[in-house]
Amino acid sequence: MQTLPSTQEVTPKNRVLFASLIGTTIEFFDFYIYATAAVLVFPILFFPADDPAAATLQSLATFAIAFFARPLGSAVFGHYGDKLGRKATLVVALLTMGLSTVAIGLLPTYALIGVWAPLLLALCRFGQGLGLGGEWGGAVLLATENAPPGQRAWYGMFPQLGAPIGFILSTSLFLLLTSLLSSEDFMSWGWRIPFLASSLLVLVGLYVRLRITETPAFLAAKEKQEAVGVPLVKVFKDHKAAMLAGTLIAISAFVIFYLMTVFTLSWGTSQLGYSREEFLKFQLFGVVFFALAIPVSAYCADRFGWPVTMRWVAIIIILFGASFSVLFGSGHIAGVLATLALGFTCMGLTYGPLGTLLSDLFPTHVRYTGSSLAFNLAGILGASIAPFTATWLATHWGLMAVGAYIALAGALGLLGLNSRAVRYARGD
């Protein structure tokens, strides 16, 4: 184990964990307010109104843009994170995401500038994806590279908790606005408030992150002069198997989450007859299970190892897929709540150890780039097309096909967990 020079200041562990948590909370808050608006607001205000179904699909297409931007963010921010350090890179990633989100809140609508409205919306969405592509990997490394022995998964779950917390904050704010404002006021200007409010959260995140020091693992690698010229090239040259395994394992987390949020909200408010406010409350109920499952899976990963834990989680996801159409298709409140509770529990179980798992697959000098790329490539395959694909499957083949889609994601995770790269990373 590497020791640090006595002159190196060490950030208190509580500050490290809070810095990893607050950053991802802000990032996911920004990301989720877009996801909610992509269903409830943007189809009406940013696209032609003559075909509502086409407008919804076009809005979901802009939602997908961020997932294609995220690998680029991983490559750019990962490059500097592996060469210059985790701290400065995390600050810039947070600013990129935050400024893009605030800009969305200032955009004119289709009624004012026509086709430029969706084009500018897509550009800002690209900026969101770029920032989040660099944020997640750095936040995970900030936590795991400061973790004591035997607690890497526990430390690594703190940035993961930012996902349910960010969702709860964003959804609660939308619910508050829709309860206080008339539909006309909400659609006229109220929807902008969450995007503009992000600026306050970004200031908090910047303050916290500017007060942390570099991680011990990065400093040790720097002392040994392990840095490589272009980390991205090194990852694809020497760590292709780890990249593939990590991507396969992470896909199910993206598929489940964006089906439980974007798809169920769209289907529940259109086909099942629930109001927007009702279904957002249902989702808040489900996200509580998401938050509770994260520490459970992190504890199990430290106790039994993440390969064993994640294999069982993949099996649970497959079983959930098999029950999806029966529960959600019933349309009854009990069935809908059970779907959301089970789905978000699966999400929390797979998400809790995921950051630690992906960081374990790569050596320190390419860890930021490698783990971020695997995570965000999974975002392209698992999330970018998930709402669109699920909507198409449900429309043409019924909800049973959506359940099969979920089960397939779980099966891909099992495939990745049984790869040689995982066995090598665990020393098997």
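Values in this text are rule-based calculations from the coordinates and carry no lab data. No experiment lies behind these values; they were computed from the predicted model shown. Don't worry about glycine lacking a Cβ; one is built from the backbone with ideal geometry, like all the others, and counts go over all protein chains shown.
Data table
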{"quantity": "222 nm mean residue ellipticity, helices alone, for the chain (DSSP H n ≥ 4; -39,500 (n - 2.57); rounded to 500)", "calculated": "-26000 deg cm²/dmol"}
{"quantity": "Cα pair distances in segment 279-394, grouped into 5 Å bins until the bin that holds the longest one, percent each", "calculated": "2, 11, 15, 20, 22, 15, 9, 5, 2, 0, 0"}
{"quantity": "Cβ-based net charge around Ala69, under 15 Å, with every Lys or Arg adding one and every Asp or Glu removing one", "calculated": "-1"}
{"quantity": "Kirkwood hydrodynamic radius (C-alpha pairs) into Stokes-Einstein, the chain, 20 °C and 1.002 mPa s, D in µm²/s", "calculated": "100 µm²/s"}
{"quantity": "Kirkwood Rh in Å, taken over segment 244-304 so that all alpha-carbon pairs contribute", "calculated": "13.4 Å"}
{"quantity": "Exposure proxy order (Cβ contacts within 10 Å, fewest to most) of Met157, Met310", "calculated": "Met310, Met157"}
{"quantity": "Segment 18-130: mean projected area of Cα convex hull, nm²", "calculated": "7.0 nm²"}
{"quantity": "Two-decimal ratio, segment 51-112, of alpha-carbon radius of gyration to 2.2 N^0.38 Å", "calculated": "1.50"}
{"quantity": "For segment 124-219: Kirkwood Rh in Å [reciprocal of mean 1/r, alpha carbons]", "calculated": "15.9 Å"}
{"quantity": "With at most 16 other Cβ atoms within 10 Å, longest stretch of the chain clear of loop GluC sites (Glu not before Pro) (DSSP)", "calculated": "10-225"}
{"quantity": "Cubic angstrom per residue, convex hull over Cα atoms of segment 13-64", "calculated": "58 Å³"}
{"quantity": "Likely footprinting exposure, Ile65, Ile33, Ile315, fewest C-beta neighbours within 10 Å first", "calculated": "Ile315, Ile65, Ile33"}
{"quantity": "Which of Asp30, Asp82, Asp360 has the fewest Cβ neighbours within 10 Å, and the rest in rising order", "calculated": "Asp360, Asp30, Asp82"}
